[in-house]
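Reading through the structure tokens given below for one structure.
Since every read-out is calculated from the coordinates, none of them should be taken as a lab result. These numbers come from a predicted model, not from an experiment. FYI the Cβ positions are ideal-geometry reconstructions off the backbone, even for glycines, and counts take in every protein chain you see.
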Amino acid sequence: MNEVRVGVIGIGNMGRLHALDLKQGKVKNACLSAVCDINSKARQWAQEHLGGDVPIFTNAEDFFGKAPLDAVMVVTPHYSHPELAVRGFEQGLHVLVEKPAGVGTKQVRQMNDAAEKSGKVFSIMFCNRTYPVYQRVRDLVSSGELGDLKRINWTVTHWYRSQSYYDSGGWRATWKGEGGGVLLNQAPHELDLWQWMFGLPERVRAFCHYGKYHTIEVEDDVTAYLEYPHGTTGVFITSTGEAPGTNRLEIAGDRGRLVVEEDQIWFDRLTVTEREFNRSYGGGFGSPESWRCQIPVQPNPAHKHAVITQNWIDAITKGTPLLADGQEGIRSLELSNAMHLSSWLDGWVSIPVDEDAFQRELAKRVATSLDKQGEDEGYIDASTSFK
Ligand SMILES: NC(=O)c1ccc[n+]([C@@H]2O[C@H](COP(=O)([O-])OP(=O)(O)OC[C@H]3O[C@@H](n4cnc5c(N)ncnc54)[C@H](O)[C@@H]3O)[C@@H](O)[C@H]2O)c1
């Protein structure tokens, strides 16, 4: 295949960026072959910005049935990602879904099954995996440079959002339209990086605060405690209500400590492991010697989303390994579903999450959720996801 014909469904904030990347030739060996949006304003934008040669569809039915497609990017609100991706796979298309993979792991598992059955290339827009700083941390952890991990603390409060952001779309920040708050919209990037660097924990206890800083139904402030089978513990904190925000990751291991902040990595490396020092040191007070060094990292890519799209196209055309395999989208959702469920049930939740319990609890919240649907807005009725 020379040039992959890519269609984009959902031409809102993010879909426009992906469509323009394709249209402007930022992704090699791919072209924008069609777009689709149920919103007339979005279609008008497409008409004005994508030239006359890109067919514009008003609904998924016509888009999947009539558009000239080899591949599709799903850029609609979260609830619809699995459903639309499955449509793509059933049609024999390669698929790239936006994050999060969906709202519940149950629907995402069905999407993964369809991907597997189709044999097509499936990727997910976890564009922060392109950041060299996290690639380096992942290598340091997996190579054993830090020794056994003791504690992981990540404060992710740099996702500040004002009320006007939440008011900007009918689907945003309701149980019915979005299915969650910061855990599903902003923090999936870090939750994915967490599982990518450290794997999944065994159980989670989380405290979510709903509408703490904004007039919204869903959570805008979360503190979660995570436990691993061999004793590693973690604390994950995220909020959209703090300014200035923090993005600081601290990892304590038997061989020292890594601190990641502002795209820099500092390593306080012990000359003898803490466990060994503890066994052999006889001087009472005292602690292991440590050397501080800064780990060199390359700058972040200028267009991180286009890097993921290019990687997906390269996987289709040349068999290049995927940086963000779509099947892995379920893993960060395990974390966010566990955090939600823990907060709703006020107790520990094991991973893998009890999918039926999650669906039941979410359905209760959807049943009393606000209907913020505005005229001609990109609203998805979540009830279609509870088939
Ligand atoms: N990877 C990232 O960095 C990143 C950044 C922002 C958003 N996102 C994700 O992208 C998705 C979209 O977010 P957004 O901010 O662009 O939202 P948005 O509301 O700006 O755009 C969504 C668009 O989808 C359209 N739509 C809804 N249902 C549709 C359907 N069934 N068929 C066709 N079109 C439909 C809406 O009309 C709207 O224009 C979300 O899942 C979000 O989490 C990812």
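Listed values, structure above:
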quantity: Gyration tensor (alpha-carbon) shape descriptor, the range 35-167, a/c threshold 1.5; calculated: prolate
quantity: Value of D in µm² per second that Stokes-Einstein yields for the range 253-331, Kirkwood Rh from Cα pairs, at 25 °C (0.890 mPa s); calculated: 148
quantity: Highest-MSF residue in the chain out of 190, 98, 242 [GNM, Cα springs under 10 Å]; calculated: 242
quantity: Interchain or long-range residues, amide H under 5 Å from residue 320's placed H; calculated: 315
quantity: Whole-Hz ³J(HN,Hα) from phi, Karplus 6.51 cos²θ - 1.76 cosθ + 1.60, for the range 161-173, glycine and proline x; calculated: 9, 8, 4, 5, 4, 5, 7, 7, x, x, 8, 6, 6
quantity: Top of 68, 100, 188 by mean-square fluctuation, Gaussian network on the chain, Cα under 10 Å; calculated: 68
quantity: Estimated inter-spin distance, residue 40 and residue 243, nm [label 7 Å along Cα→Cβ]; calculated: 3.5
quantity: Calculated diffusion of the chain, Stokes-Einstein form, Kirkwood radius summed over Cα pairs, 20 °C and 1.002 mPa s, µm²/s; calculated: 97
quantity: Most fluctuating residue given options 231, 326, 245, as computed from a GNM of the chain linking Cα atoms under 10 Å; calculated: 231
quantity: Using a Förster distance of 35 Å, the FRET efficiency for residue 150-residue 304 (Cβ separation, nearest 0.05); calculated: 0.70
quantity: Cross-link reach list, lysines versus residue 318, counting only Cα pairs under 19 Å and skipping chain neighbours closer than eight places; calculated: 26, 28, 120
quantity: Prolate/oblate/rounded label for the range 1-69 (Cα gyration tensor, a/c 1.5); calculated: oblate
quantity: Furthest towards positive pole of dipole, 303, 236, 369, structure part the chain, Cβ charges; calculated: 303
quantity: Dimensionless Rg/Rh of the range 89-149 - Kirkwood Rh, Rg from C-alpha atoms; calculated: 1.14
quantity: Inter-label distance for residue 29 and residue 360, nm, one decimal - labels placed 7 Å from Cα along Cα-to-Cβ; calculated: 4.9
quantity: Projected label distance in nm at residue 202 and residue 278, using a 7 Å step from Cα toward the beta-carbon; calculated: 1.7
